[in-house]
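Here the structure comes first, spelled out in structure tokens, and everything after it is commentary.
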Amino acid sequence: MVNPEGGAGPVGRTPGRSYRQAAERRAEILARAIELFAEHGTDTSLRAIGESIGVSHAALRYYFASRDELLIEVYRQHEQQEKEPSDPEDVPAVTLMERSAERNRSIPGIVGLYATLTTDALQADAHPQTREFVTERFRRVRADLVERIEAGQRAGTVAADVDPSDAAALVAAASDGLQLQWLLDPEAVDVRRSLELLERLLPGNGSRPEPRDSRPG
């Protein structure tokens, strides 16, 4: 396949400089695609992305073989950019989801992109790349949450009798489900407040919080 933007030859025989140029161009396309998806959601077409940065549709297909591939790479790149370097391993699982949800408030289009990917992955005719990406992402998210929940149990901030894997699945499901509800009805759903409530349901020391004594003192 020849680079439609004027590469030095077929893919696989391009000099190192052209490889670097192609990588830079691909990064530029991804950056612009993230901006467009954040503003307009998944209604953004490959053609619209190409036109916004002066790249032909054929050239765009050279860098991304399909729309599925572009959607996946856009979301993957977004996650890398949004990853907080200040989130050490001892940050509680629910707190981590709260921070992510708070950042997502300003980019509903990216939340919509994630919803599209997860929905597409469930279809019988799902693109294998989409299904694999979503499945592996859930596994990675749950594994990270399990480590944080186990750290909380060692510190006594999460009940010792809570199964970390079950709790991780619950936290991930709550975060995703709340953000979808917020996307549909932002005035009715406060993701952060609901996640804070979930955090209170995982008390430390293996016991529930004592009810307040309402009797006069």
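The values are calculated or read from the model by the stated rules, or taken from the named source; none is laboratory data. Everything numeric here is computed off the predicted structure, so don't read it as measured data. With ideal geometry, Cβ positions are generated from the backbone for all residues, glycine too; neighbour counts draw on all protein chains shown.
What is the residue count in the stretch 156-188 for residues that are assigned to a helix (DSSP H, G or I), more than 14 Å from the chain's Cα centre (by Cα) and among the hydroxyl-bearing types (Ser, Thr, Tyr)?
Within the stretch 156-188, residues that are assigned to a helix (DSSP H, G or I), more than 14 Å from the chain's Cα centre (by Cα) and among the hydroxyl-bearing types (Ser, Thr, Tyr) number 1.
Hey, can you tell me all the residues within the stretch 134-181 that are hydrophobic (A, V, I, L, M, F, W, C), more than 16 Å from residue 202 (Cα to Cα) and without any contact (Cβ under 8 Å) to a residue 40 or more places away in the chain?
Scanning the stretch 134-181 gives 134, 138, 141, 143.
At pLDDT 90 or above and over 22 Å from residue 192 (Cβ atoms), is that true of residue 143?
Against the criterion (at pLDDT 90 or above and over 22 Å from residue 192 (Cβ atoms)), residue 143 qualifies.
Does residue 42 fit the bill of being at pLDDT below 80, in a loop (DSSP other than H, G, I, E, B) and among the polar types (S, T, N, Q)?
Spelling it out, it is not the case that residue 42 is at pLDDT below 80, in a loop (DSSP other than H, G, I, E, B) and among the polar types (S, T, N, Q).
What is the residue count in the stretch 45-69 for residues that are over 18 Å from the mean Cα position of the chain (by Cα) and touching a residue at least 60 places away in the same chain (Cβ under 8 Å)?
2
Looking at the stretch 159-170 only, could you name the residues that are closer than 29 Å to residue 111 by Cα and buried (at least 18 other Cβ atoms within 10 Å of the Cβ)?
164, 167, 168, 170
Which ones in the stretch 43-58 are polar (S, T, N, Q) and surrounded by fewer than 17 Cβ atoms within 10 Å (Cβ to Cβ)?
45, 52, 56
Any chance you could count how many residues in the stretch 171-198 are within 15 Å of residue 95 (Cβ to Cβ) and surrounded by 13 or more Cβ atoms within 10 Å (Cβ to Cβ)?
Qualifying residue count for the region: 11.
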